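Here is the structure we will look at.
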Amino acid sequence: MKKDILKNVVLYCGGALCCVILLFWSLDSFNGAQGHWEAEIGQAEQQLALTLRLAGREDRMLRRQVVFSDQAANAHPAGTFTLPEQAEQMRGNKLTFEDTTILPGRVTFEWEGHHFDLMLNSLTVDGKQYDWKNQQPIALVKRVDVTHLQ
């Protein structure tokens, strides 16, 4: 009788372990196919531009360009950065939140005095929501910190 109980315990624990391993493997496989966020620093005509996009997914074209109307294109060196992994490599960038449990997840950062929040359903810049489907550039001007003016 004790052998039967021990056999059942080992059998059920082994089955549960296999289920857990399969669950983690499937989540990892699923995540690998979901893409990741990218930020590209470049220029739009003679102005500084930041292009935010979902990379690694050809079936979902999520891409918006943010143009800093009051800054010259050479204000930052050009480059492409994977978010959140390479966020600290963007000069002047401050990563404030990341949740990449299920990719591409949510990434929030501050750059050039503006607050960016990347999610699959929308892009939020300085508290204003923008649709990924609209391809018009988002024009920004430098924000003034009124706390230092007093």
| said: If the elastic network links every pair of Cα atoms under 10 Å, which of 59, 126, 117 fluctuates the most in the Gaussian network model of the chain? | reply: 59
| Length gained when the stretch residue 18-residue 63 is fully extended (0.36 nm per residue, less Cα-Cα span) | 12.2 nm
| query | So, counting K/R as plus one and D/E as minus one, what does the shell of residues with Cβ under 11 Å around residue 80 add up to? | reply | -1
| field | Rounded tilt (10° steps) of 2-32 against the dominant C-alpha axis of the chain | value | 20 degrees
| field | About the Cα centre, charge dipole magnitude for the chain (Lys/Arg +1, Asp/Glu -1 at Cβ), debye | value | 540 debye
| task | Please identify every one of the GluC sites (Glu not before Pro) in region 32-101 that sits in a loop by DSSP and has no more than 14 other beta carbons within 10 Å of its own beta carbon. | result | 45, 58, 85
| With at most 12 neighbouring Cβ atoms within 10 Å, loop trypsin sites (Lys or Arg not before Pro) (DSSP) excluded, longest segment of the chain | 1-90
| task | Calculate, in nm to one decimal, what residue 8 and residue 131 gain on full extension: separation in residues at 0.36 nm each, minus their alpha carbon distance. | result | 38.8 nm
| Under a point spin-label approximation (7 Å from Cα along Cα-to-Cβ), what is the residue 88-residue 101 distance to one decimal in nm? | 2.4 nm
| At 222 nm, what helix-only mean residue ellipticity would the chain give, in deg cm²/dmol to the nearest 500, using -39500 (n - 2.57) for each DSSP H run of four or more? | -7500 deg cm²/dmol
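We did not get these values from a lab; they are worked out from the coordinates using the rules stated. Note that the coordinates shown come from a computational prediction; the quantities given were computed from them, not determined experimentally. Note that we place each Cβ from the backbone using ideal geometry, even for glycine, and neighbour counts take in every protein chain shown.
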